[in-house]
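Read through the structure below, which is laid out as structure tokens, and then see the notes.
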Amino acid sequence: QVQVVESGGDLVQPGGSLRLSCSHSATDLTIYALAWYRQAPGHEREWVGTLTSGTIATYADSVKGRFTISGDKAKNATYLQMNSLNVEDTATYYCRLASSSGTYWGQGTRVTVSS
């Protein structure tokens, strides 16, 4: 069973930065894409951005220019650098791995933006 684990969530002030990490155990599979999603209380889960083929990153309009996705293939990890955070970014952030054996989700990491 492939494991996907997010970490790095925390309480941060508006305007601050945070880096989330997503590690996975899919070392023997072909990774097509790693995506970040988030779900705020009372809202549906929404797409944040995707890293495809380890190099091509796309973002939702709501985070474009503030968030950056990067990957470290050697560490089986993907990162979500979040800058200029605002209260609307408060959510649980999830990582989704699309691989040759299927799609896997992590359990999420909580980000709270508050003064």
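The values are calculated or read from the model by the stated rules, or taken from the named source; none is laboratory data. Note that this is a predicted model, so its numbers are computed, not measured. For neighbour counting, all protein chains shown are included, and Cβ atoms are generated from backbone atoms with ideal geometry for every residue, glycine included. What goes into the accessible areas is simple: the full protein's heavy atoms, side chains included, and nothing from ligands, DNA or RNA. Shrake-Rupley method; radii C 1.70, N 1.55, O 1.52, S 1.80 Å.
Right, SER114: closer than 22 Å to LEU11 by Cα, surrounded by fewer than 21 Cβ atoms within 10 Å (Cβ to Cβ), over 15 Å from the mean Cα position of the chain (by Cα) and of a type in the set (Ser, Thr, Tyr) or not?
yes
Taking region 37-90 as the range and being acidic (Asp, Glu) and either closer than 15 Å to GLU6 by Cα or part of a strand (DSSP E or B) (or both) as the test, the residues that pass are GLU46, ASP72. For region 20-30, state whether one or more residues are out of contact with any helix residue (DSSP H, G or I) (no Cβ under 7 Å at 6 or more places or on another chain), assigned to a loop (DSSP other than H, G, I, E, B), surrounded by 15 or more Cβ atoms within 10 Å (Cβ to Cβ) and modelled with pLDDT of 95 or more. No, every residue in region 20-30 fails to be out of contact with any helix residue (DSSP H, G or I) (no Cβ under 7 Å at 6 or more places or on another chain), assigned to a loop (DSSP other than H, G, I, E, B), surrounded by 15 or more Cβ atoms within 10 Å (Cβ to Cβ) and modelled with pLDDT of 95 or more. Taken over region 31-45, residues that are under 17 Å from TYR93 (Cα atoms) and open to solvent by less than 80 Å² (accessible area, probe 1.4 Å) amount to 8. Looking across region 7-19, just one residue is of a type in the set (A, V, I, L, M), open to solvent by less than 60 Å² (accessible area, probe 1.4 Å) and more than 22 Å from ILE56 (Cα to Cα), and that is VAL12.
Cβ separations smaller than 6 Å between residues 6+ apart or across chains give the following pairs from region 26-38 residues that are over 22 Å from THR109 (Cβ atoms) to residues that are part of a strand (DSSP E or B) and among the aliphatic types (A, V, I, L, M): TYR32/ALA98.
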